[in-house]
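In what follows, a structure is listed as C-alpha coordinates, so that the remarks can point back to it.
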Amino acid sequence: MAHARTQSRIVEIVVLIGTLGIVPHAPLASQQLGSTFELEDRQAAVGRVPIGKIIRVRLSDGGRAAGPVRRWNALAVLLGPYMGYAEQDTFVPIRSIDTLWLRGSATRRGAIYGGISGLGLGLAIGSTSSSLCPRAGWIRPCTQGAVTSAAAGLLAGGLIGALIGSGNPDWQRLHPRGHSAYAAPSTGRQVILEARDAPTEPDSRALALLRARPGALVNLRFSAGPDLAGYVVRVGFRRVMIAPMAGSNAPDGPLALDAVEGIWERGSAARTGSELGAALAFGAGMYVAQNSSGCGPSSDCTTTMLADGVLGGIVGWVVGGRLGSIFPRWQRRF
(Lines give C-alpha, C1' and ligand atoms only; values in the text may rest on other atoms or scores of the structure.)
Protein backbone atom coordinates (compact mmCIF):
# COMPACT_ATOMS: atom_id res chain seq x y z
CA MET A 1 0.00 0.00 0.00
CA ALA A 2 2.80 2.41 0.86
CA HIS A 3 4.52 1.68 -2.45
CA ALA A 4 1.25 2.30 -4.35
CA ARG A 5 0.68 5.60 -2.56
CA THR A 6 4.25 6.66 -3.32
CA GLN A 7 3.78 5.88 -7.02
CA SER A 8 0.49 7.78 -7.10
CA ARG A 9 2.12 10.79 -5.45
CA ILE A 10 5.03 10.69 -7.93
CA VAL A 11 2.59 10.67 -10.86
CA GLU A 12 0.73 13.66 -9.40
CA ILE A 13 3.98 15.59 -9.03
CA VAL A 14 5.03 14.69 -12.59
CA VAL A 15 1.66 15.84 -13.95
CA LEU A 16 1.92 19.12 -12.05
CA ILE A 17 5.50 19.78 -13.14
CA GLY A 18 4.73 18.87 -16.73
CA THR A 19 1.66 21.07 -16.95
CA LEU A 20 3.33 24.00 -15.24
CA GLY A 21 6.15 23.76 -17.71
CA ILE A 22 4.14 23.47 -20.90
CA VAL A 23 0.88 25.25 -20.12
CA PRO A 24 0.65 29.00 -19.57
CA HIS A 25 -1.02 30.12 -16.37
CA ALA A 26 -4.77 30.67 -16.55
CA PRO A 27 -5.64 34.35 -16.81
CA LEU A 28 -7.09 36.17 -13.85
CA ALA A 29 -10.78 37.01 -13.66
CA SER A 30 -10.12 40.55 -14.85
CA GLN A 31 -8.05 39.44 -17.86
CA GLN A 32 -9.14 37.85 -21.14
CA LEU A 33 -12.48 36.49 -20.00
CA GLY A 34 -13.15 34.96 -23.40
CA SER A 35 -9.98 32.90 -23.21
CA THR A 36 -10.85 31.83 -19.67
CA PHE A 37 -14.28 30.69 -20.79
CA GLU A 38 -12.73 28.62 -23.58
CA LEU A 39 -10.51 26.93 -21.02
CA GLU A 40 -13.51 26.21 -18.80
CA ASP A 41 -15.40 24.63 -21.68
CA ARG A 42 -12.48 22.29 -22.26
CA GLN A 43 -12.21 21.54 -18.54
CA ALA A 44 -15.91 20.68 -18.50
CA ALA A 45 -15.43 18.20 -21.35
CA VAL A 46 -12.48 16.54 -19.61
CA GLY A 47 -14.34 16.43 -16.29
CA ARG A 48 -17.19 14.46 -17.84
CA VAL A 49 -14.85 11.60 -18.75
CA PRO A 50 -14.62 8.84 -16.11
CA ILE A 51 -11.12 7.71 -15.20
CA GLY A 52 -10.09 4.77 -17.35
CA LYS A 53 -12.29 5.64 -20.33
CA ILE A 54 -10.68 6.11 -23.75
CA ILE A 55 -10.74 9.53 -25.38
CA ARG A 56 -9.46 10.92 -28.68
CA VAL A 57 -8.39 14.54 -28.97
CA ARG A 58 -7.33 16.86 -31.76
CA LEU A 59 -5.06 19.66 -30.65
CA SER A 60 -5.07 23.28 -31.75
CA ASP A 61 -1.72 22.79 -33.52
CA GLY A 62 -3.10 19.93 -35.61
CA GLY A 63 -1.67 17.13 -33.49
CA ARG A 64 -3.66 14.16 -32.27
CA ALA A 65 -3.62 12.01 -29.15
CA ALA A 66 -5.70 9.17 -27.75
CA GLY A 67 -5.69 6.76 -24.86
CA PRO A 68 -7.31 5.85 -21.55
CA VAL A 69 -7.56 8.72 -19.08
CA ARG A 70 -5.26 8.10 -16.10
CA ARG A 71 -5.80 11.38 -14.26
CA TRP A 72 -6.34 15.08 -14.80
CA ASN A 73 -6.07 18.39 -13.01
CA ALA A 74 -7.06 21.95 -13.90
CA LEU A 75 -4.22 22.26 -16.42
CA ALA A 76 -3.68 18.94 -18.20
CA VAL A 77 -4.89 15.39 -18.70
CA LEU A 78 -2.64 12.32 -18.59
CA LEU A 79 -3.41 9.63 -21.20
CA GLY A 80 -2.13 6.09 -21.12
CA PRO A 81 -0.62 4.19 -24.08
CA TYR A 82 -2.95 3.50 -27.00
CA MET A 83 -2.36 1.51 -30.17
CA GLY A 84 -1.66 3.68 -33.17
CA TYR A 85 -0.97 6.83 -31.10
CA ALA A 86 1.61 6.44 -28.33
CA GLU A 87 3.44 3.63 -26.58
CA GLN A 88 3.83 5.58 -23.35
CA ASP A 89 1.89 8.06 -21.23
CA THR A 90 1.04 11.36 -22.93
CA PHE A 91 0.54 14.77 -21.30
CA VAL A 92 -2.14 16.83 -23.04
CA PRO A 93 -2.59 20.48 -21.98
CA ILE A 94 -6.30 21.15 -21.62
CA ARG A 95 -5.93 24.58 -23.16
CA SER A 96 -4.59 23.04 -26.40
CA ILE A 97 -7.59 20.71 -26.93
CA ASP A 98 -9.56 21.63 -30.03
CA THR A 99 -11.90 18.61 -30.23
CA LEU A 100 -12.50 15.82 -27.71
CA TRP A 101 -14.28 12.51 -28.35
CA LEU A 102 -15.24 9.86 -25.79
CA ARG A 103 -15.28 6.23 -26.83
CA GLY A 104 -18.36 4.26 -25.81
CA SER A 105 -20.38 1.43 -27.28
CA ALA A 106 -23.46 1.35 -29.48
CA THR A 107 -25.39 -0.89 -27.07
CA ARG A 108 -28.40 1.41 -26.70
CA ARG A 109 -28.55 2.22 -30.40
CA GLY A 110 -28.30 -1.46 -31.29
CA ALA A 111 -31.08 -2.34 -28.83
CA ILE A 112 -33.36 0.33 -30.32
CA TYR A 113 -32.74 -0.69 -33.91
CA GLY A 114 -32.96 -4.39 -33.09
CA GLY A 115 -36.14 -3.94 -31.07
CA ILE A 116 -37.88 -1.98 -33.83
CA SER A 117 -36.83 -4.53 -36.45
CA GLY A 118 -37.94 -7.44 -34.26
CA LEU A 119 -41.25 -5.75 -33.51
CA GLY A 120 -42.00 -5.27 -37.20
CA LEU A 121 -40.95 -8.80 -38.12
CA GLY A 122 -42.92 -10.34 -35.28
CA LEU A 123 -46.01 -8.34 -36.15
CA ALA A 124 -45.77 -9.45 -39.77
CA ILE A 125 -45.39 -13.12 -38.82
CA GLY A 126 -48.16 -13.01 -36.24
CA SER A 127 -50.56 -11.33 -38.66
CA THR A 128 -50.17 -14.04 -41.31
CA SER A 129 -49.70 -17.23 -39.29
CA SER A 130 -52.81 -18.97 -37.95
CA SER A 131 -50.71 -21.31 -35.79
CA LEU A 132 -49.98 -18.47 -33.34
CA CYS A 133 -53.63 -17.95 -32.43
CA PRO A 134 -54.08 -18.92 -28.76
CA ARG A 135 -57.63 -20.30 -29.20
CA ALA A 136 -57.86 -23.92 -30.21
CA GLY A 137 -59.85 -24.70 -33.33
CA TRP A 138 -59.18 -21.38 -35.09
CA ILE A 139 -57.92 -21.73 -38.64
CA ARG A 140 -57.24 -18.05 -39.34
CA PRO A 141 -54.88 -15.45 -37.84
CA CYS A 142 -56.09 -13.50 -34.83
CA THR A 143 -55.10 -10.23 -33.17
CA GLN A 144 -53.74 -11.89 -30.06
CA GLY A 145 -51.38 -14.02 -32.11
CA ALA A 146 -49.98 -10.87 -33.73
CA VAL A 147 -49.54 -9.25 -30.31
CA THR A 148 -47.71 -12.28 -28.92
CA SER A 149 -45.42 -12.50 -31.94
CA ALA A 150 -44.69 -8.75 -31.86
CA ALA A 151 -43.73 -8.86 -28.17
CA ALA A 152 -41.43 -11.83 -28.73
CA GLY A 153 -39.81 -10.12 -31.70
CA LEU A 154 -39.33 -6.93 -29.72
CA LEU A 155 -37.52 -8.69 -26.88
CA ALA A 156 -35.42 -10.97 -29.08
CA GLY A 157 -34.50 -8.19 -31.51
CA GLY A 158 -33.62 -5.81 -28.70
CA LEU A 159 -31.33 -8.34 -27.00
CA ILE A 160 -29.59 -9.30 -30.24
CA GLY A 161 -29.19 -5.67 -31.25
CA ALA A 162 -27.74 -4.75 -27.85
CA LEU A 163 -25.29 -7.64 -28.06
CA ILE A 164 -24.13 -6.61 -31.52
CA GLY A 165 -23.96 -2.94 -30.59
CA SER A 166 -21.88 -3.60 -27.47
CA GLY A 167 -19.05 -4.79 -29.68
CA ASN A 168 -19.03 -1.72 -31.91
CA PRO A 169 -17.32 1.48 -30.74
CA ASP A 170 -19.34 4.67 -30.72
CA TRP A 171 -17.47 7.98 -30.44
CA GLN A 172 -19.35 10.79 -28.71
CA ARG A 173 -18.11 14.35 -29.15
CA LEU A 174 -17.83 16.18 -25.82
CA HIS A 175 -16.10 19.32 -27.08
CA PRO A 176 -17.16 21.49 -28.72
CA ARG A 177 -20.79 20.67 -27.87
CA GLY A 178 -22.40 23.63 -29.67
CA HIS A 179 -24.16 26.66 -28.28
CA SER A 180 -27.43 24.81 -27.77
CA ALA A 181 -25.81 22.59 -25.14
CA TYR A 182 -25.32 25.59 -22.86
CA ALA A 183 -28.59 27.35 -23.64
CA ALA A 184 -30.18 28.61 -20.42
CA PRO A 185 -32.70 31.29 -19.56
CA SER A 186 -30.79 34.48 -18.79
CA THR A 187 -31.92 37.42 -16.71
CA GLY A 188 -29.18 39.67 -18.07
CA ARG A 189 -27.06 39.18 -14.94
CA GLN A 190 -24.49 36.52 -14.28
CA VAL A 191 -22.81 35.65 -11.02
CA ILE A 192 -19.27 34.24 -10.96
CA LEU A 193 -18.08 31.85 -8.28
CA GLU A 194 -14.35 31.14 -7.99
CA ALA A 195 -12.33 28.69 -5.93
CA ARG A 196 -9.61 30.32 -3.85
CA ASP A 197 -7.61 27.37 -2.55
CA ALA A 198 -5.21 24.96 -4.34
CA PRO A 199 -4.53 26.30 -7.85
CA THR A 200 -4.43 23.03 -9.82
CA GLU A 201 -6.89 20.61 -8.21
CA PRO A 202 -10.54 20.77 -9.37
CA ASP A 203 -12.98 22.03 -6.76
CA SER A 204 -15.47 19.41 -5.60
CA ARG A 205 -18.35 21.89 -5.81
CA ALA A 206 -17.45 22.78 -9.39
CA LEU A 207 -17.33 19.07 -10.26
CA ALA A 208 -20.83 18.61 -8.82
CA LEU A 209 -22.14 21.45 -11.00
CA LEU A 210 -20.17 20.19 -13.99
CA ARG A 211 -22.02 16.86 -13.88
CA ALA A 212 -25.41 18.54 -13.75
CA ARG A 213 -27.43 18.94 -16.92
CA PRO A 214 -26.30 21.86 -19.10
CA GLY A 215 -28.57 24.80 -18.37
CA ALA A 216 -29.96 23.11 -15.23
CA LEU A 217 -31.75 25.12 -12.56
CA VAL A 218 -29.78 24.85 -9.33
CA ASN A 219 -29.99 26.24 -5.82
CA LEU A 220 -26.75 27.01 -3.96
CA ARG A 221 -26.74 27.30 -0.18
CA PHE A 222 -23.91 29.30 1.38
CA SER A 223 -22.42 29.13 4.85
CA ALA A 224 -23.35 32.79 5.30
CA GLY A 225 -25.80 34.88 3.32
CA PRO A 226 -28.87 34.10 1.21
CA ASP A 227 -29.19 31.19 -1.19
CA LEU A 228 -28.48 31.63 -4.90
CA ALA A 229 -30.97 30.13 -7.36
CA GLY A 230 -30.21 30.26 -11.05
CA TYR A 231 -29.27 28.45 -14.24
CA VAL A 232 -25.88 26.88 -14.94
CA VAL A 233 -24.27 28.85 -17.78
CA ARG A 234 -20.65 27.69 -17.72
CA VAL A 235 -18.61 25.44 -15.45
CA GLY A 236 -14.86 24.90 -15.22
CA PHE A 237 -12.76 23.10 -12.64
CA ARG A 238 -12.37 26.18 -10.49
CA ARG A 239 -14.79 28.75 -11.87
CA VAL A 240 -18.59 28.69 -12.26
CA MET A 241 -21.03 31.12 -13.88
CA ILE A 242 -24.69 31.19 -12.81
CA ALA A 243 -27.55 33.21 -14.35
CA PRO A 244 -29.77 34.14 -11.38
CA MET A 245 -33.51 33.71 -11.59
CA ALA A 246 -35.56 36.83 -12.17
CA GLY A 247 -36.41 38.58 -8.93
CA SER A 248 -33.63 36.98 -6.86
CA ASN A 249 -31.35 39.15 -4.74
CA ALA A 250 -28.07 37.82 -6.08
CA PRO A 251 -24.84 39.76 -5.37
CA ASP A 252 -22.99 41.40 -8.22
CA GLY A 253 -19.40 40.66 -7.26
CA PRO A 254 -17.52 37.33 -7.53
CA LEU A 255 -18.34 34.84 -4.76
CA ALA A 256 -16.14 32.27 -3.07
CA LEU A 257 -16.95 28.82 -4.40
CA ASP A 258 -15.67 27.22 -1.19
CA ALA A 259 -18.40 29.04 0.75
CA VAL A 260 -21.06 26.84 -0.86
CA GLU A 261 -22.38 24.27 1.61
CA GLY A 262 -25.07 22.61 -0.48
CA ILE A 263 -26.06 22.25 -4.13
CA TRP A 264 -29.51 21.13 -5.32
CA GLU A 265 -30.50 20.52 -8.93
CA ARG A 266 -34.07 20.73 -10.10
CA GLY A 267 -35.11 17.78 -12.19
CA SER A 268 -38.35 15.90 -12.65
CA ALA A 269 -40.00 12.67 -11.53
CA ALA A 270 -39.81 11.24 -15.07
CA ARG A 271 -37.84 8.16 -14.06
CA THR A 272 -40.11 7.39 -11.10
CA GLY A 273 -43.15 7.91 -13.32
CA SER A 274 -41.73 5.54 -15.95
CA GLU A 275 -41.06 2.82 -13.39
CA LEU A 276 -44.50 3.09 -11.81
CA GLY A 277 -46.21 3.31 -15.19
CA ALA A 278 -44.37 0.23 -16.50
CA ALA A 279 -45.22 -1.83 -13.40
CA LEU A 280 -48.89 -0.86 -13.39
CA ALA A 281 -49.32 -1.29 -17.15
CA PHE A 282 -47.57 -4.68 -17.07
CA GLY A 283 -49.97 -5.93 -14.42
CA ALA A 284 -52.97 -4.44 -16.24
CA GLY A 285 -51.91 -6.07 -19.51
CA MET A 286 -51.65 -9.49 -17.89
CA TYR A 287 -55.03 -9.07 -16.18
CA VAL A 288 -56.77 -8.04 -19.41
CA ALA A 289 -55.21 -10.94 -21.32
CA GLN A 290 -56.27 -13.43 -18.65
CA ASN A 291 -59.88 -12.32 -18.83
CA SER A 292 -60.06 -11.92 -22.59
CA SER A 293 -61.82 -14.22 -25.02
CA GLY A 294 -58.45 -15.49 -26.22
CA CYS A 295 -57.92 -17.34 -22.94
CA GLY A 296 -60.27 -20.29 -23.00
CA PRO A 297 -60.31 -23.57 -21.11
CA SER A 298 -58.52 -25.32 -23.95
CA SER A 299 -55.72 -22.78 -24.46
CA ASP A 300 -52.51 -21.94 -22.59
CA CYS A 301 -52.58 -18.24 -21.70
CA THR A 302 -49.08 -17.89 -20.25
CA THR A 303 -47.51 -16.62 -23.45
CA THR A 304 -50.50 -14.40 -24.15
CA MET A 305 -50.39 -12.83 -20.70
CA LEU A 306 -46.64 -12.18 -20.90
CA ALA A 307 -46.92 -10.65 -24.36
CA ASP A 308 -49.72 -8.31 -23.37
CA GLY A 309 -47.89 -7.44 -20.16
CA VAL A 310 -44.65 -6.58 -21.99
CA LEU A 311 -46.34 -4.36 -24.56
CA GLY A 312 -48.45 -2.74 -21.85
CA GLY A 313 -45.31 -2.13 -19.77
CA ILE A 314 -43.60 -0.38 -22.68
CA VAL A 315 -46.58 1.90 -23.19
CA GLY A 316 -46.75 2.54 -19.44
CA TRP A 317 -43.04 3.42 -19.35
CA VAL A 318 -43.47 6.08 -22.02
CA VAL A 319 -46.72 7.52 -20.66
CA GLY A 320 -45.51 7.43 -17.04
CA GLY A 321 -42.31 9.23 -17.99
CA ARG A 322 -44.27 11.94 -19.76
CA LEU A 323 -46.54 12.46 -16.77
CA GLY A 324 -43.65 12.34 -14.30
CA SER A 325 -41.75 15.03 -16.19
CA ILE A 326 -44.50 17.49 -15.23
CA PHE A 327 -43.69 17.23 -11.53
CA PRO A 328 -40.48 18.91 -10.28
CA ARG A 329 -38.02 17.07 -8.08
CA TRP A 330 -34.98 18.52 -6.33
CA GLN A 331 -31.91 16.32 -6.04
CA ARG A 332 -28.92 17.14 -3.85
CA ARG A 333 -25.62 17.11 -5.76
CA PHE A 334 -23.29 18.33 -3.01
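The values are calculated or read from the model by the stated rules, or taken from the named source; none is laboratory data. As the structure is a prediction and not an experimental result, all values here were calculated from the model. All Cβ positions, even for glycine, are placed from backbone atoms using ideal geometry, and neighbour counts span all protein chains on display. When the accessible area is computed, the model is the full protein with side chains, heavy atoms only, and any ligands, DNA or RNA have been set aside. Shrake-Rupley method; radii C 1.70, N 1.55, O 1.52, S 1.80 Å.
Heads up, I need the accessible area for Ser223: 1.4 angstrom probe, whole protein in place, Å², nearest 10.
Ignoring ligands and nucleic acids, Ser223 comes out at about 80 Å².
Summing +1 for each Lys or Arg and -1 for each Asp or Glu, what net charge is found among the other residues whose Cβ lies under 12 Å from the Cβ of Ala216?
On the way: positive: Arg211, Arg213, Arg266, Arg333; negative: Glu265.
Neighbourhood net charge equals +3.
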